[in-house]
Amino acid sequence: MKKATTIEAKTKEIVKKHGRDKTSLIAVLQDIQETYNYLPKEALSAVGEQLDIPASRIYEVATFYNTFSLNPRGQYLVEVCAGTACHVQGAFNLMDRLKRDLNIERGETTKDNMFTLEEVRCLGCCSLAPVVRIGGNIHPYLTQDEIPRILRNYRKQG
Amino acid sequence: MVNFIIDGKKITAEKGTMVLEAARANGIDIPTLCAHESVSRSGACRLCVVEAKKGKRAKIVTSCLYPVEEGIIIETKNERVMNVRRLVLQLLMARCPESEVIRDLAKQLGVDPQPRFNQDEDKGNCILCRSCVRVCEEVVGVSAIGFSCRGADKAVGPPFNEDSAVCIGCGACAFICPTGHIEMETTEDTRKIWGRTFKMKTCAVCGRYFAPEDQLKYISKKTGVPMKELAVCMDCR
Amino acid sequence: MKKISTLDDLKKAGDKGLKSLFPGDVKIVVGMATSGIASGAGEVYEALKTEIKKRKLPYILTKTGSMGMDFIEPLIDVIEKDKPRLAYGKMTPDKVPQLIDQIVKGTIDKIRPVYRVDEEDIIAKREKKHYLTGAVPEYLKDIPTMYEVPFYKKQVKIATRNCGIIDPESIEEYIARGGYLSLHKALSAMSAEGIVEDVIKSGLRGRGGGGFPTGVKWQSCRRAQGDIKYVICNGDEGDPGAYMDRSVMEGDPHSVIEGMIIGAYAVGAQEGFIYVRNEYPLAVANLTKAIEDARGCGLLGKNIFGTNFNFDIKISKGAGAFVCGESTALMASLEGKAGEPRAKYIHTVEHGLWDRPSNLNNVETWANVPVIISRGGKWFSEIGVPHSTGTKVFSLVGKISNIGLVEVPMGISLKDIIYDIGGGIPGGNKFKAVQTGGPSGGCIPATMMNLSVDFDALWEAGSMMGSGGMIVMDEKTCMVDLARYFIEFLVSESCGKCTPCREGVRRMNDILHDICAGRGQEGDVEMLESMAKGIVDGSLCALGGSAPNPVLSTIKYFREEYDAHIKQKKCPAGVCRALIKYEINAKKCTGCTVCAKKCPSECISGVKKKVHKIDQKKCIKCGICMESCKFNAITVK
């Protein structure tokens, strides 16, 4: 009960910050995504109430854009850059290795909630291709070999 | 008034008329799927395309949204136009292989299915024309259903794919759907749609079930007309 | 922030900027754009900070945006009174003590600079900045000047004029190099119509890819009915491999802002929006600071430069949708909706954002405007070639030695870009093709190296200018896989509104997947070509409308690769997993067992010091064995 009120209260705060403006829906959802690392259903209901937007409209926007996730994301977002330069340097091999090592498919989160695997286009670090970004940190010239050690290090950090 | 040509025929129409309407008013048929007179236009299905020639430039446009222009030359059935229509129908047949409406329309226009296109099994008869969403938003005012996701995953339904919390059971979406994709089950005293079962109200005069209670409640709330007055069916009014 | 309402105020701010650009003491500038930081510039910055503090030196340490030479990042510049500016590449924290030694001693014996700058053009002001008063010191005479270095020799920096030189967070430094002088000229000495005419005269065409004449667009917006109008900056650079706009937004945000204020004055808008991809946090941060600073000194807001012109800018972040780079989808997104495009039979300059006249231009387009106003449309029109005037910024990436950001005059040959500027293909591999225009463009093969890089020539060759991403490929790139890659990208980014794109591009993807997986059928190429026409004609917006381009251009120039995949079930470039085999060359294998240990599917068998063998049935074609073999004993066929 307490958790639900907190989400509602935080959402109210965010809506107010953006001037209670209907057209700020995307910016509001971005702030909620950043706060909770996903879009909790209670938050979306609260947004609908606060901005007087039908739930179907909010759901349309929340599911249209890649930034938003309706399910909690892992602690570390593992983003494999699939830009053209990285693709040409074998990014697909990195993605496959990560899928195998983390035992999840693209878009999924590991059972211990540590990692969510996604594809991203493009980080614009083409001189460092192929690139994988983990928890916001860029790993340049990545080879398949280095992946187990890197994942181990992130796990240690917890 | 605007003067222009469709399929070699000289046409006159009021400024602001869409080519689709101007053509139909002059006996020239253009097939459509997503255009309906009750709702705004979106130009999504691309079936009503025509070629519009202005000077040296000829472009393919959807006639449902293209306003008539002085001196423009429209062709509704040339090779380029038919190529697009053929592709659209072949793609829709692959998307909705069970849809009789699309199959019949294709047959009428002499289009065979394309065997190289993989057939979908999970799209039902939905061609994502958005008519249902628009009627619920613009005419009914409830916005119970909407689109979600994008691209191939785009789908229509209540938010979160859950039973609709706000649907009033009016059935406008099922009525406007060009392919009959939306399932609405009506028994004597109930109506099932979008996961909800609605109790039907009886007419105060003839006693027949005629509309969901929730729909009447909604209209009453919106218009201020009391329920008692609304509980009379169309025939008895 | 001091208010700037007169030319004198501007000059005073500029003087402050000059002092900050050339403090007299030693100044070290670290290139800290996104790719710089990714290659370790942050650590270099910290190491410099520590070393300077340790030695108690009165050196000034600052940062700047993209310098262009990504291939030797981290980059730093050293500026000293009466000495050429020196640029150092491949800096690492452990080289820092040596570098500081050199500076203190006045030598270059330990770490050699990449180039020196004796004087530079301040292109916005038609001035030259001289770094030294006398002759070049003897010990620096052998260091090439910046424009002697092949990478820069043919470049002309207009849109990226300040990138890599100024601190992007300093409005004074921007002003010192001619910033906001054009705005003053526009507001005090030109009429709105005069500005539009000058932009038309310049021949500037949209740099986002559309190539529509900018001045004509401004004129239509100016003439459109309505009291409320908008100017919009499209910073939703979505083409994979393109980061020109990001570099300008990060490295010189004021150039975009000044361009927009001038444009707003010209068309009659009072509100502006900059729509930035949210994958560009540094660009968002630097633009935000720039807007705050501009507002703080009155260059945004009410009564700019003491006139009755009011204008302000708001930043809106994208939310991860490539389609929002399309102008009507971008406007839908600004309105808080899903980014679905709409028909443009009624132009957005008349009915755009909230149905009001809206002038949308790309980041690079806006960045050119201040220079066009200060130097004149005629001056700009004399750069480049007729019908494609000015310069274009490209991100030169892929299989090329000198990966980085370049700005060249339109009309330069592809050969010059690839070989003179780019330094050719590394590793002794052969050049195969270059992709321009991203997923909407096409590939240009090695046989067309003399092609002029301009809007029309690229279009006629089956590609397009696009936003400026230039991806170089060698013989190890499979062109069928490349086409599949672009189509797959578009399938995931299609908004899903119209049938030809949502269903058609998806079916093209199915067929290309089949071809790459060895399931290609006779007639598939013809099928792709026939679908292409319907998709190009029938799609609602340019995403679907240009989707077939990469497929058509690779079919046009590399038909034999498609045939090999379909008829012989072979991938000549050795990329498509289903069609390749990794094999161990018995003559070269030393039995070191490294590959067997690393193989994730344990399909390599062999005894130590004896030739190893790959079990093709278990092999998942990941390529780790080939990557780890030190004896080049593993090949892919």
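Candidates are the residues of segment A:102-112 that are within 13 Å of the chain's Cα centre (by Cα) and in contact (Cβ under 8 Å) with a residue 12 or more places away in the chain; the one that is farthest from the other protein chains (Cβ to nearest Cβ) is A:T109. As a summary of the residue check, C:M244 satisfies the conditions (1) more than 14 Å from chain A (Cβ to nearest Cβ); (2) modelled with pLDDT of 95 or more; (3) closer than 30 Å to C:Y485 by Cβ except for the one numbered (1).
In summary, C:I444 fulfils each of the numbered conditions (1) in a helix (DSSP H, G or I); (2) more than 11 Å from every other protein chain (Cβ to nearest Cβ); (3) among the β-branched types (V, I, T); (4) buried (at least 19 other Cβ atoms within 10 Å of the Cβ) with the single exception of condition (1). For segment C:22-67, filtered to residues that are assigned to a helix (DSSP H, G or I), small (G, A, S) and within 14 Å of chain A (Cβ to nearest Cβ), the residue that is farthest from C:I79 (Cα to Cα) is C:A38.
Taking the criterion of being among the β-branched types (V, I, T), within 26 Å of C:C478 (Cβ to Cβ) and surrounded by fewer than 24 Cβ atoms within 10 Å (Cβ to Cβ), the only residue of segment A:82-131 that qualifies is A:V120.
Here C:T348 meets each of (1) crowded, with 24+ Cβ neighbours inside 10 Å; (2) part of a helix (DSSP H, G or I); (3) touching a Ser or Thr at 6+ places or on another chain (Cβ under 7 Å) with one exception, condition (2). For C:K556, the conditions (1) charged (D, E, K, R); (2) free of Cβ contacts under 8 Å to residues at least 12 places away in the same chain; (3) more than 9 Å from chain B (Cβ to nearest Cβ) are fulfilled apart from (2). Taking segment C:520-544 as the search range and keeping residues that are farther than 17 Å from C:E560 by Cα and not small (G, A, S), which one is nearest to the other protein chains (Cβ to nearest Cβ)? Once the filter is applied, the top-ranked residue is C:D537. Flag: C:A564 matches the condition of being touching a Lys or Arg at 6+ places or on another chain (Cβ under 9 Å) and assigned to a helix (DSSP H, G or I). When segment B:73-93 is filtered for residues that are in a helix (DSSP H, G or I) and more than 8 Å from chain C (Cβ to nearest Cβ), the ones remaining, listed by number, are B:E79, B:V81, B:M82, B:R85, B:L89, B:Q90, B:M93.
Rundown of residues vs (1) within 9 Å of chain C (Cβ to nearest Cβ); (2) charged (D, E, K, R); (3) within 19 Å of the chain's Cα centre (by Cα); (4) not in a helix (DSSP H, G or I), yes/no style:
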site: A:M95; (1), (2), (3), (4): no, no, yes, no
site: A:R100; (1), (2), (3), (4): yes, yes, no, no
site: A:G124; (1), (2), (3), (4): yes, no, yes, yes
site: A:I147; (1), (2), (3), (4): no, no, no, no
site: A:L151; (1), (2), (3), (4): no, no, yes, no
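Residue count for segment C:494-518, restricted to those that are more than 7 Å from every other protein chain (Cβ to nearest Cβ) and either under 29 Å from the mean Cα position of the chain (by Cα) or touching a residue at least 60 places away in the same chain (Cβ under 8 Å) (or both): 8. Can you find, within segment A:58-74, the residue that is farthest from C:S492 (Cα to Cα) among those that are free of Cβ contacts under 8 Å to residues at least 12 places away in the same chain and not hydrophobic (A, V, I, L, M, F, W, C)? Within segment A:58-74, the match that is farthest from C:S492 (Cα to Cα) is A:E60.
Evaluate the following for C:I262: is it over 19 Å from the mean Cα position of the chain (by Cα) and either modelled with pLDDT under 95 or over 27 Å from C:G466 (Cα atoms) (or both)? Taking the combined requirement at face value, the residue does not satisfy it. Any residue at all in segment B:109-124 that's at the interface with another protein chain (Cβ under 9 Å from one of its Cβ atoms), crowded, with 21+ Cβ neighbours inside 10 Å and either under 15 Å from B:H181 (Cβ atoms) or of a type in the set (D, E) (or both)? For segment B:109-124, residues at the interface with another protein chain (Cβ under 9 Å from one of its Cβ atoms), crowded, with 21+ Cβ neighbours inside 10 Å and either under 15 Å from B:H181 (Cβ atoms) or of a type in the set (D, E) (or both): absent.
All of A:T23, A:T11, A:T6 fail the test of being surrounded by fewer than 19 Cβ atoms within 10 Å (Cβ to Cβ), more than 14 Å from chain C (Cβ to nearest Cβ) and in a helix (DSSP H, G or I), apart from A:T6.
Answer with yes or no whether B:A152 is surrounded by fewer than 17 Cβ atoms within 10 Å (Cβ to Cβ), out of contact with any Phe, Trp or Tyr (no Cβ under 6 Å at 6 or more places or on another chain) and over 15 Å from A:S56 (Cβ atoms). When the stated conditions are applied, B:A152 does not pass them.
For residues in segment B:150-204 being in a strand (DSSP E or B) and within 13 Å of chain A (Cβ to nearest Cβ), which is nearest to C:V491 (Cα to Cα)? Among those residues, the one meeting the criterion is B:A155. Once segment C:101-120 is narrowed to residues that are of a type in the set (K, R) and over 27 Å from the mean Cα position of the chain (by Cα), the residue that is farthest from C:K83 (Cα to Cα) is C:K110.
Pairing residues of segment C:601-623 that are away from every other protein chain (no Cβ under 14 Å) with residues that are of a type in the set (F, W, Y), at Cβ distances under 9 Å and at least 6 apart in sequence or on separate chains, gives C:I614/C:Y582; C:Q616/C:Y582.
Here is the figure for segment C:426-441: residues that are within 11 Å of another protein chain (Cβ to nearest Cβ) and more than 24 Å from C:F489 (Cα to Cα) total 0. A:I138 meets the conditions (1) at the interface with chain C (Cβ under 8 Å from one of its Cβ atoms); (2) among the hydrophobic types (A, V, I, L, M, F, W, C); (3) touching a strand residue (DSSP E or B) at 6+ places or on another chain (Cβ under 6 Å); (4) not in a helix (DSSP H, G or I) in every case but one. The failed one is (3).
When segment C:193-219 is limited to residues that are buried (at least 17 other Cβ atoms within 10 Å of the Cβ) and small (G, A, S), the one that is farthest from C:G545 (Cα to Cα) turns out to be C:S202. Just name the residue that is nearest to C:G423 (Cα to Cα) out of those in segment C:113-144 that are among the hydroxyl-bearing types (S, T, Y) and surrounded by 18 or more Cβ atoms within 10 Å (Cβ to Cβ). Ranking the qualifying residues of segment C:113-144, first place goes to C:Y115. For segment B:5-42, a residue qualifies if it is among the hydrophobic types (A, V, I, L, M, F, W, C), surrounded by fewer than 19 Cβ atoms within 10 Å (Cβ to Cβ) and part of a strand (DSSP E or B), and exactly one does: B:I5. A count restricted to segment C:216-244 and to residues that are over 17 Å from C:K392 (Cα atoms) and small (G, A, S) stands at 4. Candidates C:S467, C:S395, C:S452: the one that is more than 18 Å from C:I555 (Cβ to Cβ) and surrounded by fewer than 24 Cβ atoms within 10 Å (Cβ to Cβ) is C:S452. Within segment C:373-380, is even one residue aliphatic (A, V, I, L, M) and either within 23 Å of C:K154 (Cα to Cα) or within 12 Å of another protein chain (Cβ to nearest Cβ) (or both)? Among the residues of segment C:373-380, not one is aliphatic (A, V, I, L, M) and either within 23 Å of C:K154 (Cα to Cα) or within 12 Å of another protein chain (Cβ to nearest Cβ) (or both), which makes the answer no. Might you let me know whether segment B:198-212 holds any residue that is over 24 Å from C:C501 (Cβ atoms) and without any contact (Cβ under 8 Å) to a residue 12 or more places away in the chain? Yes, that holds for at least one residue.
The values are calculated or read from the model by the stated rules, or taken from the named source; none is laboratory data. In this text, all values refer to a predicted model and were calculated from it rather than measured experimentally. Positions of Cβ are backbone-derived with ideal geometry, glycine not excepted, and every protein chain shown enters the neighbour counts.
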